[in-house]
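Input: a single structure, listed below in structure tokens.
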Amino acid sequence: MKLSAESPAEKSANRTDVLLIGGGIMSATLGAFLKQLAPDWDISLYERMDRAGTESSDPWNNAGTGHAALCELNYSPAGPDGTVDPAKAIGINEQFQVSRQFWSHLVEKGDISGGFINPLPHMSFVWGNAHAEYLRKRYESLSAQPLFKTMEFSEDHSKIAEWAPLLMQGRDSGQRVAASRVAGGTDVDFGALTRELVNFLGANGADLNFGHEVTNLTRNSGGGWDVTVRNRATKASKTVSARFVFIGGGGGALHLLQRSGIPEGKGFGGFPVSGQFLRSTDESIISAHNAKVYGQASVGAPPMSVPHLDTRFVDGKKSLLFGPYGGFSPKFLKNGSLTDLPFSVRPHNLVPMLAVAKDNMSLVKYLVTEVLKSREGKTKALREFYPEAVTEGWDLITAGQRVQVIKKDPKSGGVLQFGTELITSADGTVGALLGASPGASTAPPIMINLMKRCFPAEFPGWEAKIKEMIPGYGVKLNENESLADEIIAETNRVLKLA
């Protein structure tokens, strides 16, 4: 899509070049890119809540893990022969390095501060012979890769206790356990980052509209989109004409993608999964743990429900969470409607949704079990990681909603996808993002992909600037160890991670 400049007379409050739906990390990231690549374009952002980053980007609604595949075992599953292929983990780590470079660029320029990210070791922790053997093979596979060369591994109780004391306090000395650790992991407050990016947009002329909900979008005669926006306080509606629309409203994106009517959006459905965390209120326990520790998912559990005992930094304060405990709600947003799921069913996605329901009974069983789990049952799960845990001193908090992507599949009719899905129209005038993890951590590379697909005329002219912002752009750092070392050292310096 080619966006030509408008004269001042053509511009009005009800016309914009780029309209961002949703004030989360994805819209904020795309806006931040475009403000630097096309500073003369008008950008308008519409968010239904009263500030940015309050749904999936909010720090209490996600794990805060800087997803680099350092500790998340679902990114490096064992194959049928027991070997671990590092390819997916490498790909995710490469993407996170792009994010780190983009954030570093903004921090170095003074556009945002670096307080949203903190250094924090990433660990994987398992018990039992089979899991310990798997983790050893994973370590052997990944540590041979340049991006994972600092990974450590141990089955020694005392060494693991040095890394994370709570894991070993009260544990049976005869139990076989194994852990891997990368000291250079991170914790990210994506809510704080989102708000900084949105503030940057506002300071550079973007039109920010909070408390405004997009209810519809239709093609207009000019080849762009007429977007209907409702003021949630006054109930008044208006129409905004946009040349390009990004549907980045988290779980709410599916409904608006369907409203757009673009053929590329046909066949997609969504399966909402909610979650809860236990949050420690005991400062002595909080201070005793300093790592993100991921384990193995339960049978039938979605990858986003991998249990983890996590140090978090929210608004600069250290906290400790364990979870998530899976749950079910038909809402697509934490602040959504109980009709979200049923109203998302269309003739074009009915077959994929039914196929997914048929083929994922283990997931249904898992969610039912989780919903029925008592508070003591939740504490029992915590004790697998922290044997001396007691029920008292932990608050149960509700995390954000995740809408897993359901899409057509020629063999089964439909599949449930646990990553993210970028959907763009053939003419490049609209883009949408569906799905969840590792989304927030990889927002910059996802948005670069979107810009490449939606702005093919402009993108070649932007690449030099992108390379300036992201020195490793277009390079596989895992295959260029010296450059990887240089970039990681520089981003560590700028983001104060080392």
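The values are calculated or read from the model by the stated rules, or taken from the named source; none is laboratory data. Since we're looking at a predicted model, the values are computed, not measured. Using ideal geometry, Cβ is built from the backbone for each residue, glycine included, and neighbour counts are taken over all protein chains shown. Side chains are part of the model used for accessible areas, which takes the heavy atoms of the whole protein and leaves out ligands, DNA and RNA. Shrake-Rupley method; radii C 1.70, N 1.55, O 1.52, S 1.80 Å.
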For region 319-338 versus region 421-461, the gap between their alpha-carbon centres in whole angstrom:
26
Quick one: of Lys411/Lys452; Lys407/Lys465; Lys137/Lys407; Lys334/Lys411; Lys235/Lys334; Lys137/Lys159, which pairs are farther than 24 Å apart, Cα to Cα?
Lys411/Lys452; Lys407/Lys465; Lys137/Lys407; Lys334/Lys411
Given a 1.4 Å probe and the protein chains all in place, what does the accessible area of Val314 round to, in Å² to the nearest 10?
10
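Going by the alpha-carbon gyration tensor, a ≥ b ≥ c the square roots of its eigenvalues, is region 309-455 rounded (a/c under 1.5) or, if a/c is not under 1.5, prolate (a/b greater than b/c) versus oblate?
oblate
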Here, Lys149 and Ala183, labelled 7 Å along Cα→Cβ, have an inter-label distance in nm of 1.6
Computed FRET value (nearest 0.05) for Lys411 with Lys137, which takes r as the C-beta separation and R₀ as 22 Å
0.15
Give, in nm to one decimal, the length gained when the segment between Asp172 and Ser221 is fully stretched (0.36 nm per residue of separation minus the Cα-Cα distance).
10.6 nm
Karplus (6.51, -1.76, 1.60) ³J(HN,Hα), θ = phi - 60°, over region 227-233, in Hz, Gly and Pro reported as x
10, 8, 10, 10, 6, 5, 7
Hey, if you put +1 on the Cβ of every Lys and Arg and -1 on every Asp and Glu Cβ in region 269-367, which of Tyr325, Leu363, Asn349 ends up farthest toward the positive end of that dipole?
Asn349
At Val390 and Arg51, where each label point lies 7 Å from the Cα along Cα→Cβ, what is the point-to-point distance in nanometres?
3.6
Along the charge dipole of the chain, which of Gln296, Leu73, Leu434 sits closest to the positive end, that is, farthest toward it, with unit charges on the beta carbon of Lys, Arg, Asp and Glu (+1, +1, -1, -1)?
Leu434
Using the alpha-carbon centroid of each, what span in Å lies between region 347-400 and region 36-51?
37
Dipole magnitude (debye, nearest 20) for region 199-356, charges at Cβ of Lys, Arg, Asp, Glu:
340
Lysines within cross-link reach of Lys317: Cα-Cα under 22 Å, excluding same-chain residues under 8 positions apart?
Lys292, Lys496
Write down the accessible area per residue of region 342-498 in Å², having rolled a 1.4 Å probe over the full set of protein chains.
47
Give the lysines whose C-alpha is closer than 20 Å to that of Lys373, dropping any in the same chain fewer than 8 places away, or say none.
Lys365
Volume in Å³ per residue [convex hull over Cα atoms, computed for the chain]:
149
Using a Förster radius of 56 Å, what is the FRET efficiency between Asp85 and Lys235 based on their Cβ-Cβ separation? Nearest 0.05, please.
0.55
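Answer rounded, prolate or oblate for region 145-197, using the Cα gyration tensor with square roots of eigenvalues a ≥ b ≥ c: rounded when a/c is under 1.5, else prolate when a/b is larger than b/c, else oblate.
Verdict is oblate for region 145-197.
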Computed [θ] at 222 nm, deg cm²/dmol, the chain (DSSP H ≥ 4; -39,500 (n - 2.57); rounded to nearest 500)
-10000 deg cm²/dmol
In debye, nearest 20, what is the charge dipole magnitude of the chain about its Cα centre with +1 on Lys and Arg Cβ and -1 on Asp and Glu Cβ, if you could check?
1240
Cα centroids of region 220-247 and region 74-131: how far apart, whole angstrom?
37
Phi angles of region 144-158, converted by Karplus (6.51 cos²θ - 1.76 cosθ + 1.60, θ = phi - 60°) into ³J(HN,Hα) in whole Hz with x for Gly and Pro, give 7, 9, x, 6, 10, 5, 8, 5, 10, 9, 7, 10, 7, 4, 5
From Cα pairs below 8 angstrom and at least 6 apart in sequence, can you work out the relative contact order of region 89-178, rounded to a whole percent?
29
Can you work out the FRET efficiency for the pair Glu283 and Val368, with r the C-beta to C-beta distance and R0 = 35 Å, to the nearest 0.05?
0.45
Using a simple charge model, +1 on the beta-carbon of Lys and Arg, -1 on the beta-carbon of Asp and Glu, nothing else, what dipole does region 213-277 show about its Cα centre, in debye to the nearest 20?
200
